[in-house]
Amino acid sequence: MKLLRRFYAALTITILAPLAMPGAHGAFAQAPKPWEVGMQPAANLIKQKIIDLHDLVFWIIALTTVFVAALLVVVMVRFNAKANPVPSRTSHHTGLEIAWTVIPVLLLVVMSIPSFRLIYYQDRTPNPDLTIKVVAHQWYWEYAYPDQGDFSIESRYVRDEDLKPGQLRLLDVDNQMVVPVGKNIRILTSSPEVIHSFFVPSLGVQRYAIPGRTIETWFSVDRPGVYYGQCNQICGADHSKMPIAVHAVSEQEFKTWTEQQKKSADAGAPAGAPPRLLAATDTTANQVQR
């Protein structure tokens, strides 16, 4: 009975999943939460378009499944040996054959048009405000800012023994990617060793970092905060230790941060987020956990 109750609970969660979609409640999350069913809330238009496409395909699949199940029930009730002892000898039905060919084609067209539009929209932005080169190493990230003085920072996960109150295990990093809010940010991914993946769910961005290639994508951020992601390409022994933290700040804060990074680079000091931004990060992480 206990196993049966668990099965029904899982089935109920699956059926009610669309009701838990982020857009339905307007909740704002920047990191994964325990027992989260739906996608993370959209932090930009790209992610919202992904959620809209997901919802469209989900309902098409759900309605198709219900329709086919209903047909099976009708067949079992009306055409079993007891209810229909003399079966029909009809071998062809032109209308039915046209219907089961045309309707699936129309459904595929309905899904393909927004899908292709989203692929082209995600591919690149014609007028980027900022370019960041993302280099995936074994196993850490390097973020270079060629438009802001060509400095770079290295981003590594925070070990369990070094976690501060409010920081997220296997998600927080020592140096975050800092970006301005409301700007189109071009991302150029590459890797010197193996294939990695730059993936931040709430920003709707994912691109592989492949040795010998430079691959372009883009994203923007609608509101300040810290947005967490991870490499979702199995890249080796420390695959789970390649988190991504994107810290979106105001344009003025971003200018201040870049000036500090250029001064640090000129002085030979290690680059990274200044204490003021790190303090803001801790506050945001606490808000995420709560």
### Task
Please specify each residue of the range 91-134 satisfying the condition of being part of a helix (DSSP H, G or I) and among the hydroxyl-bearing types (Ser, Thr, Tyr).
THR94, THR101, SER112, SER115, TYR120, TYR121
### Task
Of the conditions (1) closer than 25 Å to ILE46 by Cα; (2) polar (S, T, N, Q); (3) surrounded by fewer than 22 Cβ atoms within 10 Å (Cβ to Cβ), GLN176 clears all except one; give me its number.
(3)
### Message
I need the full set of residues from the range 196-246 which are under 18 Å from the mean Cα position of the chain (by Cα) and either assigned to a loop (DSSP other than H, G, I, E, B) or at positive phi (or both), in order please.
### Response
GLY204, SER220, VAL221, ASP222, ARG223, PRO224, GLY225, CYS231, ASN232, GLN233, ILE234, MET242
### Query
Does the range 153-169 contain any residue that is in a strand (DSSP E or B), surrounded by 18 or more Cβ atoms within 10 Å (Cβ to Cβ) and among the hydroxyl-bearing types (Ser, Thr, Tyr)?
yes
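This table checks each residue for (1) aromatic (Phe, Trp, Tyr); (2) not assigned by TED's automatic domain parsing to the domain that holds ILE50.
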| site | (1), (2) |
| --- | --- |
| ILE119 | no, no |
| TRP139 | yes, yes |
| TYR143 | yes, yes |
| PRO146 | no, yes |
| ILE153 | no, yes |
| VAL158 | no, yes |
### Subset of the range 211-225 (residues that are touching a helix residue (DSSP H, G or I) at 6+ places or on another chain (Cβ under 7 Å) and loosely packed, with under 15 Cβ neighbours inside 10 Å)
none
### Query
Only one of LEU107, LEU168 is touching a helix residue (DSSP H, G or I) at 6+ places or on another chain (Cβ under 9 Å), assigned by TED's automatic domain parsing to the domain that holds TYR227 and more than 30 Å from ARG213 (Cβ to Cβ); which?
LEU168
### Task
Could you list, in sequence order, all residues of the range 226-247 that are among the small types (Gly, Ala, Ser) and surrounded by fewer than 23 Cβ atoms within 10 Å (Cβ to Cβ)?
GLY236, ALA237, SER240
### Task
Could you tell me which numbered condition PRO146 fails, if it satisfies all but one of (1) surrounded by fewer than 16 Cβ atoms within 10 Å (Cβ to Cβ); (2) under 24 Å from the mean Cα position of the chain (by Cα); (3) more than 16 Å from SER240 (Cα to Cα)?
(2)
### Query
Quick check: is even one residue across the range 166-181 free of Cβ contacts under 8 Å to residues at least 24 places away in the same chain and not hydrophobic (A, V, I, L, M, F, W, C)?
yes
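The values are calculated or read from the model by the stated rules, or taken from the named source; none is laboratory data. None of the values given here were measured: they were computed from a predicted structure. In this analysis, Cβ positions are derived from the backbone assuming ideal geometry, glycine residues included, and neighbour counts consider all displayed protein chains.
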